[in-house]
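Below is one structure. I have some questions about it.
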Amino acid sequence: MQARVKWVEGLTFLGESASGHQVLMDGNAGDKAPSPMEMVLMAAGGCSAVDVVSILQKGRQDVADCEVRLTSERREEAPRMFTTINLHFIVKGRGLTDKAVERAVALSAEKYCSVALMLGKTVHITHSHEVVELE
């Protein structure tokens, strides 16, 4: 995997993936775009959400929506690394069981989510979830 990051102006940078997708990042407290640390946090949520939805779909669960709300804490001094991250999944569907969602979240956390597993080497990561039954 390859990517590049090019300076735009001030502390704004444009990231480009090898697949040609672009994303703006702002090192000035997220003035114009997400900061690089916000991107890392969102990457953990995105990676894990992909796993959870995929696992539930493969288990023939009727999933209609999945949202991950991420909360984190960072060190006060440099380097301002994450110290804790919580991924809270809100999964909506029909006939979804708490057990199925709990299993999908656990599999992502323990086996599949490369981003969270990598971050977990230095960050205390927790997961929680709720299931919302749709009519």
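The values are calculated or read from the model by the stated rules, or taken from the named source; none is laboratory data. Bear in mind that the values here come from a model prediction, so they are computed numbers and not experimental data. So basically every Cβ, Gly included, is an ideal-geometry build from the backbone, and we count neighbours across all protein chains shown.
Among the residues of segment 29-40, is there at least one that is of a type outside the set (Gly, Ala, Ser), under 12 Å from His129 (Cβ atoms) and within 14 Å of the chain's Cα centre (by Cα)? Spell out the reasoning first.
Filtering segment 29-40 for residues of a type outside the set (Gly, Ala, Ser) gives 31-32, 34, 36-40.
Within this subset, residues satisfying the condition of being under 12 Å from His129 (Cβ atoms) are none.
Looking for residues that are of a type outside the set (Gly, Ala, Ser), under 12 Å from His129 (Cβ atoms) and within 14 Å of the chain's Cα centre (by Cα), one finds none in segment 29-40, hence no.
Could you figure out which of (1) surrounded by 12 or more Cβ atoms within 10 Å (Cβ to Cβ); (2) modelled with pLDDT of 95 or more isn't true of Ser19?
Unmet condition: (1).
For every residue, the table says whether it meets (1) at pLDDT 95 or above; (2) more than 30 Å from Glu9 (Cα to Cα); (3) touching a Ser or Thr at 6+ places or on another chain (Cβ under 9 Å); (4) among the hydroxyl-bearing types (Ser, Thr, Tyr).
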{"position": "Ser48", "(1), (2), (3), (4)": "yes, yes, yes, yes"}
{"position": "Val52", "(1), (2), (3), (4)": "yes, yes, yes, no"}
{"position": "Ile55", "(1), (2), (3), (4)": "yes, yes, yes, no"}
{"position": "Glu73", "(1), (2), (3), (4)": "yes, no, yes, no"}
{"position": "Lys99", "(1), (2), (3), (4)": "yes, yes, no, no"}
{"position": "Glu102", "(1), (2), (3), (4)": "yes, yes, no, no"}
{"position": "Ser114", "(1), (2), (3), (4)": "yes, yes, no, yes"}
{"position": "Thr126", "(1), (2), (3), (4)": "yes, yes, yes, yes"}
